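Undergrad: Just dropping this structure here.
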Amino acid sequence: MKVRRCLLLLLLMATAVACGSDRPGPDAATPAPLGQTFESDLRLAKELSEAYWRQAFAADGLAYRPVTAFTAYRGDDGPDCGGLPSVPNNAFYCADGHFIAYDERWMRKLYDEMGDGSVYVIIPHEFGHAVQAQLNSGFRLNVERELQADCYAGGTLGALVAGGSLEAEPGDRDELFLNLAAAGDPTDDWLRPDAHGTAEQRQALFAKGYTEGAAAC
Ligand SMILES: [Zn+2]
């Protein structure tokens, strides 16, 4: 994608917030990179997510700690997390080791079938978990953790679009919502299964982060 994507325009349709430039974005001085392939979109989503959080943490006088690894795996050959095996068709953040791993064939399938928005929803969501770990966010329920990660993902994308690092284009919104309903560590086996919230809840929290910023999450 040519970093087109206000994946989010959809969200904006209701609010007319649109991709304005009045909000601070990460590395505004850096030319917008172009994602053209699955591999480059993955790399871009990772780099932009961390650039955003680095800046957001710095604004609060904190130091963002980059993940130690961003690991691709296939099917059953993924890394363990705290002694528990990874599972196929998933992407996850592991606090024990502070890394993110993803089943690359599953991610590519989503990318091919649902569009590049899949990468820009799933990766920022997982970085949302990496941020929660650093902020020592406490949650009683796993669903609260998951919905905040969706909100953080929306906040990340909203800031990247506002800062000019990403562009949204028509159709991105539907693509994003479709992906929200279908993706983002759907099988947190070592946490609690089936506790990610409904598609409507996930979309609502993503939209909240996008329009109000991650600080509102
Ligand atoms: Zn999650």
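Undergrad: So, Asp112, is that one buried (at least 20 other Cβ atoms within 10 Å of the Cβ) and away from the ligand (no atom under 16 Å from the Cβ) or not?
TA: Values: buried (at least 20 other Cβ atoms within 10 Å of the Cβ): no; away from the ligand (no atom under 16 Å from the Cβ): yes.
In short, no.
Undergrad: List pairs: first residue in the range 89-109 and closer than 23 Å to Leu135 by Cα, second residue among the polar types (S, T, N, Q) and surrounded by 20 or more Cβ atoms within 10 Å (Cβ to Cβ) anywhere in the structure, Cβ distance under 7 angstrom, at least six positions apart or on different chains.
TA: Sorted first by the residue in the range 89-109, then by its partner, the pairs are Phe92/Ser86; Ala101/Ser86.
Undergrad: If I ask for residues that are assigned to a strand (DSSP E or B) and either of a type in the set (Asp, Glu) or away from the ligand (no atom under 15 Å from the Cβ) (or both), which ones from the range 85-109 would you list?
TA: Filtering the range 85-109 down to residues assigned to a strand (DSSP E or B) leaves 91-94, 99-103.
The answer is Asp103, and nothing else.
Undergrad: Here's something else I'd like to know. Filter the range 126-137 for residues that are more than 11 Å from the ligand (Cβ to nearest atom) and polar (S, T, N, Q); which is surrounded by the fewest Cβ atoms within 10 Å (Cβ to Cβ)?
TA: Within the range 126-137, the first condition is being more than 11 Å from the ligand (Cβ to nearest atom), and the residues that meet it are 131, 133-137.
If we keep only those that are polar (S, T, N, Q) too, we end up with 134, 136-137.
Numbers: Gln134: 15, Asn136: 6, Ser137: 16.
Applying the filter and picking the extreme gives Asn136.
Undergrad: Here's a follow-up. So which residues in the range 110-134 are charged (D, E, K, R), closer than 17 Å to Glu167 by Cβ and in a helix (DSSP H, G or I)?
TA: Once the filter is applied, which keeps residues that are charged (D, E, K, R), closer than 17 Å to Glu167 by Cβ and in a helix (DSSP H, G or I), the range 110-134 yields nothing.
Undergrad: Only one of Ala91, Ala101, Ala72 is surrounded by fewer than 21 Cβ atoms within 10 Å (Cβ to Cβ) and touching a strand residue (DSSP E or B) at 6+ places or on another chain (Cβ under 8 Å). Can you tell me which?
TA: Working: Ala91 fails: surrounded by fewer than 21 Cβ atoms within 10 Å (Cβ to Cβ); Ala101 fails: surrounded by fewer than 21 Cβ atoms within 10 Å (Cβ to Cβ).
None of the others qualify; the one that does is Ala72.
To keep it simple, each residue is scored yes or no on (1) under 22 Å from Asn90 (Cβ atoms); (2) at pLDDT 85 or above; (3) open to solvent by 40 Å² or more (accessible area, probe 1.4 Å).
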{"site": "Phe139", "(1), (2), (3)": "yes, no, yes"}
{"site": "Asp174", "(1), (2), (3)": "no, no, yes"}
{"site": "Leu180", "(1), (2), (3)": "yes, no, no"}
{"site": "Asp185", "(1), (2), (3)": "yes, no, no"}
{"site": "Arg192", "(1), (2), (3)": "yes, no, yes"}
{"site": "Ala214", "(1), (2), (3)": "no, yes, no"}
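The values are calculated or read from the model by the stated rules, or taken from the named source; none is laboratory data. Owing to the predicted nature of the structure, the values given are computational and were not obtained by experimental measurement. Methodologically, a virtual Cβ is constructed for each residue, glycine included, from the backbone with ideal geometry; neighbour enumeration extends over all protein chains shown. We work out accessible area using only protein heavy atoms, side chains counted, and drop any ligands, DNA or RNA first. Shrake-Rupley method; radii C 1.70, N 1.55, O 1.52, S 1.80 Å.
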